[in-house]
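To start, the structure itself, in structure tokens.
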């Protein structure tokens, strides 16, 4: 079972990340990511100064932004902390709730995208709003307060079963540590407006649809079947392919070819490869397969990549006091782009999964080679091709490499290990991983380019 609490302490998180950092030494790397003709080195990301969504702040409101008085309950948790660390409180809270409610990887990535885009947009809409020369006291506090307001409301929307007032209390505790901030614009809080717009979007993004089993295609050789031990007949999140992406795919985005089918030489070779590897795994490969097995009840793959980003940003218990607004803006830019890319990566991946409906290795091996075969990992309840871990990890690696070009090879190695771990676990064929890495890199490129070349994604 995956370790669902590895983010509970700084030491355990760093232990996991250090192991990932050394993943390039692990045997059997197919070297797909970054090696295809489609690949190009990511370009460094500039901090995007424009929001993701257009919001008009036109309604009247009472002048001033209310803040909890100095010394209010909760301030002991934030003495001397910088704005980036305070903002990351919502990130860590979301990761804990993803574990608590055992969200599947797609739902987790959706929540993380909405949360971080909400903070990013609240910050930048406030910045744009107060740049029009009206009276402002403590601009930095105003920016940060708006981001916290948006985060609290978005999380309250996504986790309605939490104790009433939980997120309001968190917000009050954080606001108590902020310097008093006021402006004279008479416009509503950007935090409230952004949260309302994103909550409205979430109700119309297609994620509420339930897939009916009657839409399963007619049987054909190699079609996905319910597998041991779950035997889930309804595939998980079958409508995710129609969820609304944050960045529309480029017209020339890479699209994987049709999955290898039973009867082809490639399918036979890849089936035999999974069977052969199942009896020859090293301890390192077994450990990697189990650590990357981040299904419901863990922080999921998206959560791991968020943790990697936080580590690169050096946001944690040892963060320098008063790290400054530039660092906070970089945190918001990095996390919003990263989470949007992973969300869109899942959508792209699920489009291919439910285009091809390809079988899992356990189905092929039990039919053609060993009817008692049991893989190291539990086979997920949805089609194999392409791998979600590979797709999302390649998208994440591309975005992070754009922010830290000097770590490009490190992020690629992490994504490669995430992909290989599914082969080592016996739940994916090699082509699932290879094509997932290519697709994920293409998604990551689309999102990174859109955020650097355009001002607003509607």
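The values are calculated or read from the model by the stated rules, or taken from the named source; none is laboratory data. None of the values given here were measured: they were computed from a predicted structure. Glycine gets a Cβ as well: all are built from the backbone with ideal geometry, and neighbour counts include every protein chain shown.
Below is a table of values for the structure above.
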quantity	calculated
Filter result for the condition that a residue is on the phi > 0 side of the Ramachandran plot, in contact with a helix residue (DSSP H, G or I) (Cβ under 9 Å, 6 or more places away or on another chain) and at pLDDT below 95, over 222, 297, 206	297
Of all residues in the stretch 269-286 being out of contact with any helix residue (DSSP H, G or I) (no Cβ under 8 Å at 6 or more places or on another chain) and in contact (Cβ under 8 Å) with a residue 12 or more places away in the chain, the one that is nearest to residue 378 (Cα to Cα)	278
Some residue of the stretch 133-147 being modelled with pLDDT of 80 or more, part of a helix (DSSP H, G or I), buried (at least 21 other Cβ atoms within 10 Å of the Cβ) and under 21 Å from the mean Cα position of the chain (by Cα)	yes
Matching residues in the stretch 276-291 - criterion: being outside any loop (DSSP other than H, G, I, E, B) and under 31 Å from the mean Cα position of the chain (by Cα)	277, 278, 283, 284, 285, 286, 287, 288, 289, 290, 291
Tally, over the stretch 201-237, of residues that are surrounded by 12 or more Cβ atoms within 10 Å (Cβ to Cβ) and over 30 Å from residue 262 (Cα atoms)	6
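Yes or no, residue by residue, for (1) in contact with a strand residue (DSSP E or B) (Cβ under 9 Å, 6 or more places away or on another chain); (2) under 26 Å from residue 84 (Cα atoms); (3) at pLDDT 95 or above; (4) part of a loop (DSSP other than H, G, I, E, B):
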{"site": "254", "(1), (2), (3), (4)": "no, no, yes, yes"}
{"site": "259", "(1), (2), (3), (4)": "yes, no, yes, yes"}
{"site": "263", "(1), (2), (3), (4)": "no, no, yes, yes"}
{"site": "273", "(1), (2), (3), (4)": "no, no, yes, no"}
{"site": "293", "(1), (2), (3), (4)": "no, no, yes, yes"}
{"site": "317", "(1), (2), (3), (4)": "no, yes, no, yes"}
{"site": "328", "(1), (2), (3), (4)": "no, yes, no, no"}
